[in-house]
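The values are calculated or read from the model by the stated rules, or taken from the named source; none is laboratory data. The structure displayed is predicted, hence computed values, not measured ones. Heads up, the Cβs are rebuilt from the backbone with ideal geometry, glycines too, and the neighbour counts pull from every protein chain shown.
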Amino acid sequence: MSVSIRQTTPYEGQKPGTSGLRKKVSVFQQPNYLENFVQSIFDSLEGFQGQTLVLGGDGRYFNREAIQVILKMAAANGFGRVLVGQGGILSTPAVSCIIRKYRAFGGIVLSASHNPGGPSEDFGIKYNISAGGPAPEAVTEAIHARSQVISQYKILEAADLDLDQIGATRLGAMAVEVIDPVADYAELMGRLFDFEKIRALFAGGFRMRFDAMHAVTGPYATRILEDLLGAPKGTVIHGTPLPDFGGGHPDPNLVHAHDLVAEMFGANAPDFGAASDGDGDRNMILGRGFYVTPSDSLAVLAANATLAPGYAAGLKGIARSMPTSQAPDRVARALGLPCFETPTGWKFFGNLLDAGMATFCGEESFGTGSDHVREKDGLWAVLMWLNLLAELKRPVDGIVRAHWARYGRNYYSRHDYEGVDSRAAEGLMAHLRAHLAVWSGQSLNGFTVAQADDFAYTDPVDGSISRKQGIRVIFTDGSRIVYRLSGTGTEGATLRVYIERFEADPARHDQDPQTALAGLITLAGQLAEIEHRTGRSAPTVIT
Ligand code: G1P
Ligand code: ZN
């Protein structure tokens, strides 16, 4: 086996975001496209000679081909060892767990998260650092800069490896270990949660449905829920990862997890329902005929955290992204914990977790997690819920209603306007910015504005400042309207409007959120002139 140095020319636009480089499969299939990007990653890192790299993906179309290329390039570039998931499979939280456990130099995750997969759909590649989390901006910028001037890459001339046999092999001087993708992650979960109690719950006839959406959590959920915790066979549905996710959209929300939602809201529904996304970092939680918003889920889990063995000593703090509802803040206040409000994106939690300032964190976009890894973690949230259900012995809706009765309910909804003309969207945001000072202190449709600003965040650990993170209109009763443009969309712009209102009175906790929020929803449309500026009279997605 010999190392080849192949000549290449740059591709424009190899600019990774915090969730990596995401493009159509056909883009990745262009000659040297993947190779250029992988070499740019390696060229941007220092000190990995002889070190360990973790490698795996969510099983989507092009996963296996990409892994073979990356293995040969890692060998040619001097990595000492690669830990690769069997069949090329590793969930995003599992990669984070394995990097940390084996003190690896870093990891590469192949995924486009919740975007559809298949020959005409999306592929993605993301680099994670030794702490287990996504590469910080300085690293992703270096990778991008390198990709724009790259002229050659190194690859080992070797036959493809068998990724399906667990065991050790070599590629030139580099050791390759095909590992069980689930074992290390399952072991970590076993330390955080009371598996005995959860086993007893299932043994007592508790019924659950987990929708893996033909994505990466299938093998994880089957092993942990059915094999280790004794949930009946069939608890996990759509459990085989497929290259095209069975034609579905592996995003765990009320729209895309339709089979699960139909069952949970139908006759004879199971006690508990959950789903995860393509790469396993998102989660949706359902009770019988009941949907738990991600914001409420974070608040409930934090309020009851000490029921799980891994958090018995209590939390150090709670962190939530700014648009996430303020329900977790109320729990933090009651428990005397610090509460952090960060910009959107998991990367902003990294410093707080590393510094031991926060233990639980979450986003309204179906992301929940803790300091056990440095990614959000779908199955972690599901197991945390199972641990609570096993301890509290109440139905999901009962737990949430009791939570509202004690802390009050933060009615909450997100309205997305997808595929909006980019210039119209920018104009709408500029219009809002221009009016912030005007609206401050005013009464608008009966809501008095306490504060209106463009959210800026100073990281309490490194002092860095992130500006323009979303427009907040905060009212004197704590209600809020938040506007921001999506940073992950691929077509046009996506305007996200987040609406929240607090209700203390338990007699008023049973309203439909859209009804409870109607006044604020109307006001949100008026303030931003949404219909006039975008031509849209209604959002495309409401969650
Ligand atoms: C979306 C979510 C955000 C999440 C990100 C990555 O980003 O809103 O909370 O961190 O996906 O999963 P957005 O499209 O809003 O920029
Ligand atoms: Zn994801």
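In table form, for the structure just shown:
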read-out: Cβ pairs under 8 Å, 6+ apart, first in region 424-439 and surrounded by 15 or more Cβ atoms within 10 Å (Cβ to Cβ), second modelled with pLDDT of 95 or more and among the aromatic types (Phe, Trp, Tyr); value: Leu428/Tyr483; Met429/Tyr483; Leu432/Tyr483
read-out: Condition met for Gly398 (in contact with a Leu (Cβ under 7 Å, 6 or more places away or on another chain) and either within 16 Å of ligand 2 (Cβ to nearest atom) or under 25 Å from Ser413 (Cα atoms) (or both)); value: no
read-out: Residues of region 339-369 classified as acidic (Asp, Glu) and more than 15 Å from ligand 1 (Cβ to nearest atom), total; value: 1
read-out: Any hit, region 383-392, residues being of a type in the set (A, V, I, L, M, F, W, C) and outside any helix (DSSP H, G or I); value: no
read-out: Verdict on Val27 being at pLDDT 95 or above, β-branched (Val, Ile, Thr) and within 20 Å of Val84 (Cβ to Cβ); value: no
read-out: Of all residues making up region 423-449, the number that are closer than 25 Å to Thr494 by Cα and touching a helix residue (DSSP H, G or I) at 6+ places or on another chain (Cβ under 9 Å); value: 9
read-out: Residues of region 405-421 satisfying the condition of being under 18 Å from Glu503 (Cβ atoms) and in contact with a helix residue (DSSP H, G or I) (Cβ under 7 Å, 6 or more places away or on another chain); value: Ala405, Tyr407, Gly408, Asn410, Tyr411, Tyr412, Ser413
read-out: Every pair of residues 6+ apart whose Cβ atoms lie under 7 Å, when the first sits in region 311-325 and is closer than 14 Å to Pro294 by Cα while the second is within 16 Å of ligand 2 (Cβ to nearest atom) and polar (S, T, N, Q); value: Ser321/Thr344; Met322/Thr344; Pro323/Thr344
read-out: Flag if Ile99 is modelled with pLDDT of 95 or more, touching a Gly at 6+ places or on another chain (Cβ under 6 Å) and crowded, with 22+ Cβ neighbours inside 10 Å; value: yes
read-out: Residue that is modelled with the highest pLDDT [pool: residues in region 1-19 that are within 16 Å of ligand 2 (Cβ to nearest atom) and touching a helix residue (DSSP H, G or I) at 6+ places or on another chain (Cβ under 8 Å)]; value: Pro16
read-out: Test: Leu379 is within 16 Å of ligand 2 (Cβ to nearest atom) and either in contact with a Lys or Arg (Cβ under 9 Å, 6 or more places away or on another chain) or within 17 Å of Ser96 (Cα to Cα) (or both); value: yes
read-out: Residues located in region 275-295, provided they are on the phi < 0 side of the Ramachandran plot and either within 11 Å of the chain's Cα centre (by Cα) or within 14 Å of ligand 1 (Cβ to nearest atom) (or both); value: Ser276, Asp277, Gly278, Asp279, Asp281, Arg282, Asn283, Met284, Thr293, Pro294, Ser295
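A quick yes/no check of all residues on (1) closer than 20 Å to Arg409 by Cα; (2) touching a strand residue (DSSP E or B) at 6+ places or on another chain (Cβ under 7 Å); (3) of a type in the set (Val, Ile, Thr):
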residue: Ile318; (1), (2), (3): yes, yes, yes
residue: Pro328; (1), (2), (3): yes, yes, no
residue: Gly336; (1), (2), (3): yes, no, no
residue: Asp371; (1), (2), (3): no, no, no
residue: Arg374; (1), (2), (3): no, no, no
